[in-house]
Amino acid sequence: MLQYIIPYDSNLRYLPLMYFLPEDLLIQCPTLRSFPRCFGEVIRSEKLIDLLDDDAFLKEIMDASAALAFQHFGFGGWKEHYTGYCPVWQLSYALPLWARLLEQETGWGVQKLFQMQIDDTIPMVLYNGRLTRQKGVDLIKDGIDEILSDRVQMIVMGNGEKNYENFFEYIEGKYQGKFKSMRYNNNLAKKLYAAADLLLMPSAFEPCGLSQMIASRYGTVPIVRETGGLKDSVRDFGCHGGGNGYTFCNYNKDDMVYSVRRGVADFVNDGPTWVDKMRTCIKKDFSWRAAVKDYIALYKKVKKVK
């Protein structure tokens, strides 16, 4: 009897998922519709095997499987909540649109938890990191009064230098109901990423940075200073070809505050476009899959030069 061994690195291992999809969902996936319902026909066709390696196949099979799983979140089936993009590996993240709905239904949102005004039209800014100058906390310290003078809420989570911890405790008392300061808590951090609308990372220098990538998966839009890994991973929305966040170049308080106010203004004044910005962040691929393509392109370019 002929046996066919599916390689671990082959997209063929995802094909069985297709056979569980309902017809009304499958019809929205043009690449998947190219495959016959018989698994044997697929593995005997070189053309179909090549099609499996296409990014469109992987996107559609993951997207459709995730959409089908929406019904398990208790908010109805995929037809009501299918947004057009949600890879299955992102199901572990509490996407903001779901988080907002969950907060409204349970009444246990971050705003209620920290005794802030419960109003999802008020943008929430999050800083989650060490309280050190390297992370740009001195800029936040200098600009905090200007930021909180607007209709905005802000949370600072992190441990670090005592003078910063004391300062933010003072600010919490000064701006009760608008500002919350706390030490780092891993479980709560995940909820804050989901609840916040903007993530602030004004680092003096940053070799890589993880928070901007984590926040993006939750649909929380990053505001970063253009340095190191932050510059590599976040492009300003105003850049040619579009971006996935807000950026500023100079290490000063005024530029940081201006960038925060850009984000706040976009959130308040342009609802539909803001949802598009969230989706852009969610869809941003920070994986090695994307990085490898850039390396390959670079190697090919160098080879041609030689």
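What order do you get for 46, 146 when you list them from fewest to most C-beta neighbours inside 10 Å? Don't jump to the answer; show the numbers that get you there.
Numbers: 46 8, 146 15.
So the residues, fewest neighbours to most, are 46, 146.
Calculate, in nm to one decimal, what residue 115 and residue 187 gain on full extension: separation in residues at 0.36 nm each, minus their alpha carbon distance.
24.0 nm
Enumerate the amide H contacts of residue 160 below 5 Å, restricted to partners 5 or more residues apart or on another chain; note that Pro and chain-start residues carry no placed amide H.
Residues meeting the amide H criterion: 131.
With labels modelled as points extended 7 Å from the Cα through the Cβ direction, what inter-label distance (nm, one decimal) is found for residue 37 paired with residue 303?
The modelled label-to-label distance comes out at 4.4 nm.
When 235, 133 are ordered from fewest to most other Cβ atoms inside 10 Å of their Cβ, what list results?
Numbers: 235 19, 133 15.
The order, fewest Cβ neighbours first, is 133, 235.
Step through the residues of the stretch 119-130 one at a time and calculate ³J(HN,Hα) from phi using the Karplus curve (6.51 cos²θ - 1.76 cosθ + 1.60, θ = phi - 60°), rounding each to whole Hz and writing x for Gly and Pro.
7, 7, 8, 8, x, 10, 9, 10, 10, 10, x, 5
Give the relative contact order (percent, whole number) for the stretch 161-306; include only Cα pairs under 8 Å separated by 6+ residues.
On the way: 158 pairs, mean separation 25.4, N = 146.
17 percent.
In whole Å, what are the Cα extents of the stretch 147-306 along the three principal axes, biggest one first?
Principal axes ranked by extent give 63, 37, 32 Å for the Cα atoms.
By average Cβ neighbour count within 10 Å, what is the ranking of 217-225, 201-209 from highest down? Each step should come with its number before you reach the end.
On the way: 217-225: 25.6, 201-209: 19.0.
Answer by packing, highest mean first, reads 217-225, 201-209.
A short reminder: the numbers here are calculations on the coordinates, not readings from a lab. Computed from a predicted model, the values in this text were never measured in an experiment. Every residue, glycine as well, gets a Cβ built from its backbone with ideal geometry; the counts of neighbours run over all protein chains shown.
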